[in-house]
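Trainee: Mind looking over this structure? Questions follow.
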Amino acid sequence: MMEKIVCESYEEACCTAADFFAQQLKRKPDSVLGLATGSTPIGLYEEFVSRYQAGEMDFSRARAFNLDEYHPIEATHPQSYKTFMDEHLFSKVNFAQTRIPNGEAPDPNIECAKYSADLEAAGGLDMLLLGIGHNGHVGFNEPASSYPLEAYKVDLTGETLEANSRFFGENEIQPITALTMGIGQIFAAKHILLLICGASKVEITKKLFEGKLHTDIPACFLLLHPNVTLVIDRAANGG
Ligand code: GLP
């Protein structure tokens, strides 16, 4: 069942999503949280930081698993998801542990197996934050004819490369492959918080909710998940 909450603005959507995470941490301080990157979660992470500073959220027993990372990419590269998470969240709040697929790993398959083993050892995800790509990708699970259940190395589509090229400078090489959590691991999350914001997401949102399971839209698997909360702003919801 998907609960849908339509918010007036991006800020309201971020506050609403933050409420869910705050409640989760109150209920289970040692929660395992799945986290996303992209521009959508930036406001949510700002909420996490200000609530942490106000003593309203405590991550000291929580563990974070990020969905994905470019590969190959240096951890210190300005566009690595490691840098993104450090800048927006990890350097500002007190997570007990954080885990991002290692973009520097010499063998991506070995790193994916390690990442999957770490996630399993942590007991899987209690709550997972997801954004959505314009082509319906979740994490970096791109449209395909089959989807690995566990973490894997993926070739990014032209559409995703173009969408994310805005972040890379003219002289920066943009990786064309990435490591991502698999669909099975996403699906195993006990509660999924899907955050969709901005007018550029209207088309994919319409397609996602038109009442069909499009196999070329990875996010469609979420329609079958028993516990998804969609937090969407009016812009993405079509006004
Ligand atoms: C990125 C990330 C996704 C994210 C998506 C949308 O490529 N791998 O996890 O949800 O694209 O990003 P944005 O929020 O910037 O639209």
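Trainee: Points 7 angstrom from Cα along the Cβ direction at Leu224 and Glu8: gap in nanometres?
Mentor: Result: 3.9 nm between the two label points.
Trainee: I need the semi-axes of the equivalent ellipsoid of the chain: take the C-alpha gyration tensor, multiply each eigenvalue by 5, square-root it, list largest first in whole angstrom. Provide the component values of the computation, followed by the final result.
Mentor: Numbers: eigenvalues 109, 100, 67 Å².
Listed largest to smallest, the semi-axes of the chain are 23, 22, 18 Å.
Trainee: Cross-link list Lys26/Lys114; Lys28/Lys212; Lys153/Lys212; Lys26/Lys82; Lys4/Lys28; Lys114/Lys212: which exceed 32 angstrom alpha carbon to alpha carbon? Present the calculation step by step, with values, prior to reporting the outcome.
Mentor: Numbers: Lys26/Lys114 30 Å; Lys28/Lys212 35 Å; Lys153/Lys212 28 Å; Lys26/Lys82 27 Å; Lys4/Lys28 23 Å; Lys114/Lys212 35 Å.
Exceeds cut-off: Lys28/Lys212; Lys114/Lys212.
Trainee: Could you name the aspartates and glutamates in cross-link range of Lys201, using Cα to Cα under 18 Å and dropping any fewer than eight places away on the same chain?
Mentor: Answer for Lys201, where 18 Å is the Cα cut-off: Glu8, Glu11, Glu12, Glu142, Glu159, Glu162, Glu210, Asp216, Asp233, listed by chain and number.
Trainee: So in the chain, what percent of DSSP beta bridges are antiparallel if you round to the nearest 5?
Mentor: On the way: 8 of 32 bridges.
The antiparallel fraction comes to roughly 25 percent.
Trainee: Per residue of region 112-122, what does 6.51 cos²θ - 1.76 cosθ + 1.60 with θ = phi - 60° give for ³J(HN,Hα)? Whole Hz please, x for Gly and Pro, Karplus curve as stated.
Mentor: Along region 112-122, the couplings run 5, 5, 5, 4, 5, 5, 5, 5, 5, 4, 6 Hz.
Trainee: Residue-wise, which Karplus ³J(HN,Hα) couplings in Hz belong to region 99-108, taking 6.51 cos²θ - 1.76 cosθ + 1.60, θ = phi - 60°, and x for glycine or proline?
Mentor: 9, 10, x, 7, x, 9, 4, x, 10, x
Trainee: Please state the relative contact order of region 85-239 as a whole percent: Cα pairs under 8 Å, 6+ residues apart?
Mentor: Working: 219 pairs, mean separation 41.1, N = 155.
Result for region 85-239 is 27 percent.
Trainee: List every residue whose amide H lies under 5 Å from the amide H of Gln97, counting only residues 5 or more places away in sequence or on a different chain, with H placed 1.01 Å from N in the peptide plane.
Mentor: Under 5 Å from the amide H of Gln97: Ala64.
Trainee: Something else now. Subtracting the Cα-Cα distance from 0.36 nm times the residue separation, let me have the gained length for Asp58 to Phe187 in nm, one decimal. Present the calculation step by step, with values, prior to reporting the outcome.
Mentor: Details: separation 129, 0.36 × 129 = 46.44 nm, distance 2.60 nm.
Here the answer is 43.8 nm.
Trainee: Provide the per-residue ³J(HN,Hα) series for region 75-88, in order, calculated from phi with Karplus coefficients 6.51, -1.76, 1.60 and θ = phi - 60°, each as a whole number of Hz, with x at glycine and proline positions.
Mentor: Each residue's phi maps through the Karplus curve to give 4, 8, 4, x, 9, 5, 6, 4, 4, 4, 5, 4, 5, 7 Hz.
Trainee: Moving on to the next point. Rounded to whole Å, give me the distance from the Cα center of region 70-144 to that of region 159-194.
Mentor: Here the answer is 9 Å between Cα centres.
Quick note: the coordinates plus some simple rules give every number you see, no bench work behind them. Given the structure is predicted, the values throughout are model-derived calculations rather than measurements. Using ideal geometry, Cβ is built from the backbone for each residue, glycine included, and neighbour counts are taken over all protein chains shown.
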